[in-house]
Amino acid sequence: MNALKNYKIKDYDFRIVIFALLLSVIGYFAIGSAMQNSADDNVTKHLISTVAGFFVMIGVSLVDYHFIMKFRIVMYGFMVTILALVIFGGETSNNAQRWFRIGSIRFQPSELSKLLLILFFASFIMKYKEKISSFHLLLLCSGLFVVPFFLILEQPDLSTSILMIVIFATVMFTGGIKKRIILILLLIMIPVGIGFVSFMLNPDNGLLEEYQLKRINGFLYPEDYPDIAYQQNNSITAIGSGMLDGKGYMNNELTSVKNSNFISEAETDFIFAVIGEEFGFKGSAVTIILLFALSLSILSIGIRAPDTAGAIICAGMGIYVGMQSFMNIGVATFLLPNTGIPLPFISYGMTSLLTLYAGLGVVLNVRLQVKHTAVTLEDFAMYNERI
């Protein structure tokens, strides 16, 4: 199979490229403001990562995604290997061991694993799509997922573990599991999930780290855990103080929550608080709309994907961007317990940014292989039948 094909420029989805670049530009300014009182060069690194990511996206978009999927065993093996190695030899920061340090650069395997998981299962399910609803294949898929899932949970990285579950569920659903099986699984998983959450809230559950349990209790009972809820309370104060138009980019107001260093990890986990304070409701709304538009654009390509693998890639990447955005903003606005996860294309993080751009490249290639026809009601009917 040839990795490269002759594509038509008119079939290129420039919307996705524009949305991603606009979000990265917002990230550049937000990180610059978050780090204005620091000598760190994260702003420069974000710019370099954006430029590199752009070229990675363009390059990957020209490679036939079917060729990439031929290496599913290599991708899975590499994913499991780096996740295992980081537990034994990774760098520790803030109660977690999630990174490798190479000079001044930190590499986070769990970020890359999100994309590798999508590509692996897109290829695996495509190969065995006729048996996708069989008990044995469902059990095998679950077993293959559990390995990287528990390796990420062990780091510990609860937020990424939860996101991986959502991505896996999306991949399996798009892969064509019969609806009656989905219904049976829901009937089983809902009560099991409720029981599991109750168990996890038990201080002696043995699965959650002490700091993770405190964060959950700080979310449920902020009055009783003011020191734990402190960060999120400051975040919503910053967002609320921005009101409609914000306090201005890199403002010097003494009342600024960011300038007073009341928000830690402002360039990563709480970057949305910086946007809300400095650019107000307008800036926050633009950010959310761009993230939603990007996620929706990716999902829309999956509707006309030429095969099941293409649909899985688009569904997985669309949910990846959308769900991770929801989780990050949910933490910043106190809608979810405090857990560290970057805001796609905006938060500082070279691994996250390059992985997202590479994932968009694969999505763009799926779009390039879509037949040049308008979307009809029959397309939606076929897509619904597929899933």
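Taking the stretch 304-323, which residues are modelled with pLDDT under 95 and over 18 Å from Met172 (Cβ atoms)? Correct list: Arg304, Pro306.
No other residue among Gly280, Gly340 is closer than 18 Å to Asn234 by Cα, at pLDDT below 95, outside any loop (DSSP other than H, G, I, E, B) and out of contact with any Phe, Trp or Tyr (no Cβ under 8 Å at 6 or more places or on another chain) apart from Gly280. The set of residues from the stretch 128-150 being over 22 Å from Thr81 (Cα atoms), in contact (Cβ under 8 Å) with a residue 12 or more places away in the chain and in a helix (DSSP H, G or I) comprises Lys129, Leu138.
If you go through the stretch 140-160 and pick out every residue that is modelled with pLDDT of 90 or more and either within 16 Å of Leu115 (Cβ to Cβ) or among the aliphatic types (A, V, I, L, M) (or both), you end up with 10. When you look at Ile303, is it open to solvent by 20 Å² or more (accessible area, probe 1.4 Å), among the hydrophobic types (A, V, I, L, M, F, W, C), within 30 Å of Gln369 (Cβ to Cβ) and in contact with a helix residue (DSSP H, G or I) (Cβ under 6 Å, 6 or more places away or on another chain), yes or no? Yes. When the stretch 25-74 is filtered for residues that are in contact with a strand residue (DSSP E or B) (Cβ under 9 Å, 6 or more places away or on another chain) and under 30 Å from Asn252 (Cβ atoms), only Lys45 remains.
The values are calculated or read from the model by the stated rules, or taken from the named source; none is laboratory data. It should be emphasised that the depicted structure is a prediction, and the values quoted were computed from it without experimental measurement. Please note: Cβ atoms are built from the backbone with ideal geometry, for glycine as well, and neighbour counts cover all protein chains shown. Note: areas computed on protein heavy atoms with side chains; ligands, DNA, RNA excluded. Shrake-Rupley method; radii C 1.70, N 1.55, O 1.52, S 1.80 Å.
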